1. Have a look at Ser85, Ser108 and point out the one that is modelled with pLDDT under 50, assigned to a helix (DSSP H, G or I) and away from the ligand (no atom under 16 Å from the Cβ).
2. Of the conditions (1) within 12 Å of the ligand (Cβ to nearest atom); (2) touching a strand residue (DSSP E or B) at 6+ places or on another chain (Cβ under 8 Å); (3) on the phi < 0 side of the Ramachandran plot, Ser167 satisfies every one except a single condition; which number is it?
3. Looking at Cys266 and the list (1) surrounded by fewer than 24 Cβ atoms within 10 Å (Cβ to Cβ); (2) in a helix (DSSP H, G or I); (3) not aliphatic (A, V, I, L, M), which single condition is not satisfied?
4. Do we find that Tyr665 is assigned to a helix (DSSP H, G or I) and buried (at least 17 other Cβ atoms within 10 Å of the Cβ) in this structure?
5. Kindly indicate the residue of segment 296-310 that is assigned to a loop (DSSP other than H, G, I, E, B) and of a type outside the set (A, V, I, L, M, F, W, C) and also farthest from the ligand (Cβ to nearest atom) among those meeting that condition.
6. Does segment 477-486 include one or more residues that are of a type outside the set (D, E, K, R), in contact with a Pro (Cβ under 9 Å, 6 or more places away or on another chain) and at pLDDT below 85?
Amino acid sequence: MAGLEVGDDSSAVAADLMSLDMAEREADPFLFVQDGTLRGLDGQGRLTRPPSEGNSPQREGSSAVASPRNDRMNLRMRRGYDGTSSSSWWRLRAPPPFLEVPDLEDPSKIGLTRFSSFGESSLELRWEALSMCSWTGHGKKEEAVQILTNVDGAARSGQLTCILGPSGSGKTTLLNVLAGRQSSGQRHRIRITGQVWAAGQRVDPRAVRSRIAYVMQKDEMFATSTPREALAFSAALRLSGNREDRNELISELLGSLGLLRCADTCIGNAVINGLSGGQRKRTAIGVELITRPDIVCLDEPTSGLDSYAAYQVVRVLKDLALAGCTVICTLHQPSSEIFALVDHVICLCNGRCLWEGDREQMGPHFDKLGYRCPVGFNPADFVIFLMQTEPREKTDSLIGAWTNTRAEANLSSSSLPSTSPAAAELCRTPHGRAGLSFAANASLGPVTKSFRKQLWQLIKREMRAAVRDRTTMTVRFVLSVVLTFLFGLVFQGVGRTIIEEEEQTLFDLQWSGLNHDEVLAMRKRKMEWHFNALVQVALVAMLSACQPVILTFPLERPVFLREHSSGTYNVLPYYLSKMAVEIPLVFMQSLMTLGVCYVVMSLNGNFWALLGTIVLLSVCSVAVALAIGCAVRQPRETGAVGPLVFVPQMLFSGIFIPVSHMPAYLRWMQYCSFLPYAIKVLGIVEFRRVPHKEVLFDAQDIREDSLLVYIAFLILLVFIFSLMGIEMLRRRAKHLF
Ligand SMILES: Nc1ncnc2c1ncn2[C@@H]1O[C@H](COP(=O)(O)OP(=O)(O)OP(=O)(O)O)[C@@H](O)[C@H]1O
């Protein structure tokens, strides 16, 4: 933004404004002075917020109103600078354009104004002798892999702590353990030992992880949501308080993260155009910051970003730390600018701590050990390079030297944390800026919302995604239309022919030169064609219902896992929301498919009964597709496993060979196949009025009196596949952390 320069004739005012700076800019995100320039007026040019109350008694009740006039502006400040309460007007030079939105994208101009609602937590996180061991292989081949060995360290509030180290040194593992996101135990074949202390008390990070925000390396978010919607979703499900307070917090976060300009742009992904990498990362951070956590852990927040975008992200983290949070992140290769923002460094090498301390101390420490960082070199690069290029014995001796230094320091220190076994509640003490500027939001605390609220928020998001995701919507309906027309034209009028022929007497047909057996054989053949037409309708319904789920669910699953791990919602409402949005969509698809086929193929059965069957079949197909998406280890496997499940459905549909003619040991598979049941129901509805239908029914193993059993089986399979999906999703979520 263009600032307001204090004119030469207003040097006294400049001095006043400069003195105003320190207190004001901390209290009011829209007012601070930098290099003699008043910055941060709102878009209307009004300074609407009073300066901080309580910081300075003589400023109580003061206010400022600014208005542009030509290239100058008048700033009137009603305040008691000199103990009086007089009103004064000062002329300030205002370079055009004056009415400009604050440039929150520029970190240098935001500085201390960010995260004003984050109160100071004065929380120190310490860890001692953290070790993690994992077992791989089985039996004689079982092997223990030591991933972390006796790692000590600390991270303080108000500081940006960075875990540095080469690839595979254990940075992510350490961060996961500290954030309570590392599973352990017999089942996971992982053992974690050591102690973690927060605010002077021993804690199990897993028990307090709702107070620890964790931003994963990959930005897993709904591509069709905007940053504002993503934050609103997170706030609606994770915060108490009323909507106004939540909206205020969201606006503050969007501003603090520099996302105001793109707040209403889709986040996007590889397929959908959207935010830049840096904006996406800042959105991911914002989603986790919504609960205003005490501790924020970020895994490689700069990976995949260009140097400036990476700088912007780390600048945000620095401001978050300055606002009072304990911020810990892993960094792979920080640039000099980024490294200059870091306060505290933990160097990991082969799962062990090589050094830990304030950034300024890093150079002198290695210098003392004979490793001087050349002038102009990035110290972070220098140390990482050192860890990778020095022989193992050297790095081991460096680690040993650091361990000894630390042990000596510990012996001489009497400030060891208390050993109370009770898990400390990681709670923020609202004082300082938090109390001043965001008192209204004190009511916003992290909560778990009711099942109904979770379901409603999830359905809203799913519906938005379904409408906005044009590609999937196109695939959904174009696939149905193309296949429907193709099959419709191939089987054109198949239903009418059979009825017309039924109306002819056998006698009439025999006049055409055919004998009785030939007439019956011809009728049977035509009935089979008619039946095959129904099978094709069912196939179109089944494939067009499962395809969009197979396309989109694998991409969404990591989002679910992230949100579930942060306690945003549970498995059941998530699954039900997917079903709740899919059912109306498959209903429309089925209506379109059957509507066209009914007319073009001249089908005879009751339209609504046929439609009901097609919808039930489609829902079953969706449930199976979801179950596959939940079951596979990697989302991309869905595409390979899908055909394995859907192709055998056709085998048991009776078009190729009746089930009764299949080998006995394969026949059980028909009970797991939903397509044959749907086809049998369709057959019964469609051929109800057709004479000699028994011939077809016998060939296809269809029993007219079992209609309700077939329908019940279909409904049962929907439930079974849904339960399987829910259970597998639950296991996946449990296995993650
Ligand atoms: N659950 C596990 N079982 C076995 N080995 C593991 C497990 N988790 C991590 N490791 C191993 O521990 C080492 C450290 O992994 P980690 O992901 O923490 O490294 P990193 O420093 O974050 O690497 P990068 O910078 O490449 O992400 C690696 O060799 C990894 O293969």
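The values are calculated or read from the model by the stated rules, or taken from the named source; none is laboratory data. The shown structure was predicted, so the numbers you read here are calculated from the model rather than taken from an experiment. So basically every Cβ, Gly included, is an ideal-geometry build from the backbone, and we count neighbours across all protein chains shown.
1. On the way: Ser85 fails: assigned to a helix (DSSP H, G or I).
It is Ser108.
2. (2)
3. Going through the list (1) surrounded by fewer than 24 Cβ atoms within 10 Å (Cβ to Cβ); (2) in a helix (DSSP H, G or I); (3) not aliphatic (A, V, I, L, M), Cys266 breaks only (2).
4. Working: assigned to a helix (DSSP H, G or I): yes; buried (at least 17 other Cβ atoms within 10 Å of the Cβ): no.
Judged against the criteria, Tyr665 is not a match.
5. Restricting attention to segment 296-310, the residues satisfying the condition of being assigned to a loop (DSSP other than H, G, I, E, B) are 299-306.
Cutting the leftovers down to of a type outside the set (A, V, I, L, M, F, W, C) gives us 299-304, 306.
Details: Asp299: 7, Glu300: 6, Pro301: 12, Thr302: 12, Ser303: 8, Gly304: 12, Asp306: 19 Å.
The qualifying residue farthest from the ligand (Cβ to nearest atom) is Asp306.
6. Within segment 477-486, the subset of a type outside the set (D, E, K, R) is 477-486.
From what's left, in contact with a Pro (Cβ under 9 Å, 6 or more places away or on another chain): 479.
This time we only want the ones that are at pLDDT below 85, so: 479.
Yes: segment 477-486 contains one or more residues that are of a type outside the set (D, E, K, R), in contact with a Pro (Cβ under 9 Å, 6 or more places away or on another chain) and at pLDDT below 85.
Okay, residues lined up against (1) touching a residue at least 60 places away in the same chain (Cβ under 8 Å); (2) assigned by TED's automatic domain parsing to the domain that holds Trp402; (3) within 25 Å of Ala340 (Cβ to Cβ):
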position: Val145; (1), (2), (3): no, yes, no
position: Arg156; (1), (2), (3): yes, yes, yes
position: Cys162; (1), (2), (3): yes, yes, yes
position: Lys171; (1), (2), (3): yes, yes, yes
position: Leu175; (1), (2), (3): yes, yes, yes
position: Ala198; (1), (2), (3): yes, yes, no
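Listed here are the residues, each with its yes/no results for (1) assigned by TED's automatic domain parsing to the domain that holds Arg732; (2) touching a Ser or Thr at 6+ places or on another chain (Cβ under 7 Å); (3) crowded, with 16+ Cβ neighbours inside 10 Å.
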| position | (1), (2), (3) |
| --- | --- |
| Leu520 | yes, no, no |
| Arg525 | yes, no, no |
| Val535 | yes, yes, yes |
| Glu556 | yes, no, yes |
| Thr568 | yes, yes, yes |
| Pro584 | yes, no, no |
